[in-house]
Amino acid sequence: MQLKNDLLIRAAKGEVVERTPVWLMRQAGRILPEYRAVRNSLSGFKELVETPEFAAEVTIQPVDILDVDAAIIFSDILVVPEAMGCTYEMIEKRGPLFPKTIRTEEDLKTLRVADPHEHLNYVLEAIKVTKRALNGRVPLIGFAGAPWTILAYMVEGSGSKTFSHARGMLYTNPRLAHQLLRMITDTTIAYLKAQVEAGANLIQIFDSWAGILSPAHYREFALPYISEICDAINEVPVTVFAKGAFFALEDFSKLNCETIGLDWNMQIAKSRQEIGPNKTLQGNMDPCLLYSSFETIERETKNMLKEFGPHRHIANLGHGVYPDTDPEKVKCFIQTVKEYGSVIRS
Ligand code: CP3
């Protein structure tokens, strides 16, 4: 199926595009009343994620309502630990909880390398249903968590400010950490390949907890596995977004991927220099900008576009949009990119 709007894909590949493409991390979700309506008609988050028709519906909502240049499949990075044998619960207002954690060799024995067609088929179905409904309007982004971030949740058992159990394991039992990372990586590669087969046009890897590791630990426990995933996914462009990993940008220049996501702590010019000319950059507005006035949003968005320049940029926030953001402010960010993102070319 030919894409009608393929700006995202062309920008990722480094082709010259007529304007900067834009989408938002966490665009499908609680900022939209339409999402909350679907979600509230169901038993909870997991039912939404696991029912392909509903997942497809909320995936497409931001394309209709916000006019973004891409859809991202509605799912979660935590479906991977679940497929491996570590189920999660999503607790209202508190976030994920894993009744069983992985902290010993015995715990590890209870896990499997998951077969995506057997254990994650609901995501693959959701991708197929979404693709049919999108009918080529915009590309569909598939995703997974990076192995380190997935390990962090499996070992910690919930969100955490410090992830001290997970980080602790890297010192106390590095062998176990590597064994777990191996299983997560193998599962993730098979899962992402299946997403591409099902119709995903681009893959993003979220390393949300990259920034809590030392550079040395990042190089030992995170980068090699991300690198392996990038080497394995060659069918579509790949984006690596490692929140807080400013210390690894030079390493990222060597990854076999098309795009690197920046958060708002990362300086645009400096990042471009460290990553080099052969990758597209994605980002990187502070999501809190969207709490300010329309005038401020316009001004700051234009400044961001100027700093990135017209080529090899995909406009986005530096992390997911916060749930209490006014959708009108989100639209202002998107419209500013759409208007000014072609002006900077002339
Ligand atoms: O629009 C999209 O971006 C697609 C959907 C998506 C979700 N989660 C839906 C979701 C994506 C890409 C994710 C990725 C994800 N999940 C990450 C990586 C990105 C990041 O934010 O760093 C992480 C770390 C998770 C784990 C996770 N899922 C947490 C910590 C939480 C609770 C905190 C929160 O935001 O509520 C979730 C729940 C979750 N995942 C929600 C949504 C829409 C909110 C649940 C609800 O609707 O009640």
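The values are calculated or read from the model by the stated rules, or taken from the named source; none is laboratory data. Please read all numbers here as calculations on a predicted model, not as lab measurements. As a convention, Cβ positions derive from the backbone with ideal geometry for all residues, glycine included, and neighbour counts pool all protein chains shown. Keep in mind that these areas ignore ligands, DNA and RNA; they rest on the heavy atoms of the full protein, side chains included. Shrake-Rupley method; radii C 1.70, N 1.55, O 1.52, S 1.80 Å.
Note on the stretch 148-297: semi-axes of the ellipsoid equivalent to its C-alpha gyration tensor, largest first and rounded to whole Å, are 25, 21, 16.
The alpha carbons of the stretch 25-101 occupy a box of 40, 22, 21 Å along the principal axes, longest dimension given first. Where Rh is the Kirkwood radius over the Cα pairs of the stretch 69-125, the temperature 20 °C and the viscosity 1.002 mPa s, what D in µm²/s does Stokes-Einstein return? Translational diffusion coefficient: 166 µm²/s. On the stretch 157-295, 53 percent of the accessible area sits on carbon and sulfur atoms, based on a 1.4 Å probe. Pairwise inverse Cα distances across the stretch 45-147, averaged and inverted, put the Kirkwood hydrodynamic radius at 14.9 Å. Only Cα sites of the stretch 216-346 enter the Debye sum here, all with the same form factor; the resulting log10 I(q)/I(0) across q = 0.22 1/Å is -1.27, listed in q order.
Full extension of the chain between VAL16 and GLU339 gives 114.6 nm of extra length, using 0.36 nm per residue less the Cα-Cα distance. Per residue, the chain exposes an accessible area of 40 Å² to a 1.4 Å probe, with every protein chain left in place. Computed from Cα positions, the angle between helix 121-134 and the longest principal axis of the chain comes to roughly 10 degrees.
Considering only alpha-carbon pairs that sit under 8 angstrom and 6 or more positions apart, the relative contact order computed for the stretch 94-217 is 42 percent.
Solvent-accessible area assigned to carbon and sulfur over the stretch 16-93 amounts to 49 percent, based on a 1.4 Å probe.
Scoring 150-158, 328-336, 76-84 by mean Cβ neighbours within 10 Å over their residues and listing the highest first yields 150-158, 76-84, 328-336. Based on DSSP H segments of at least four residues, each scored -39500 (n - 2.57), the chain has a per-residue ellipticity at 222 nm of -13500 deg cm²/dmol. With one equal scatterer per alpha carbon and no solvent term, the Debye-computed log10 I(q)/I(0) for the chain at 0.08, 0.10, 0.11 1/Å reads -0.35, -0.56, -0.69. With Cα atoms as the point set, the radius of gyration and Dmax of the stretch 290-332 evaluate to 11.1, 32 Å. Remark: the stretch 89-102, residue by residue, has Karplus-estimated 3J(HN,Hα) of 10, 10, 8, 3, 6, 10, x, x, 9, 10, x, 10, 10, 10 Hz, where x stands for each Gly or Pro and the curve is 6.51 cos²θ - 1.76 cosθ + 1.60 at θ = phi - 60°.
Which one of ALA194, ALA12, ALA315 has the biggest mean-square fluctuation once the chain is modelled by GNM with Cα springs under 10 Å? Largest GNM mean-square fluctuation: ALA194. Taking the average, over residues, of other Cβ atoms within 10 Å as the packing measure, peptides 195-202, 160-167 rank 195-202, 160-167 from highest down.
Cross-link check: pairs LYS193/LYS270; LYS4/LYS338; LYS100/LYS193; LYS302/LYS331 evaluated at a Cα-Cα cut-off of 23 Å; pairs beyond the cut-off: LYS193/LYS270; LYS100/LYS193. Computed on the stretch 253-312, the Cα convex hull volume stands at 77 Å³ per residue.
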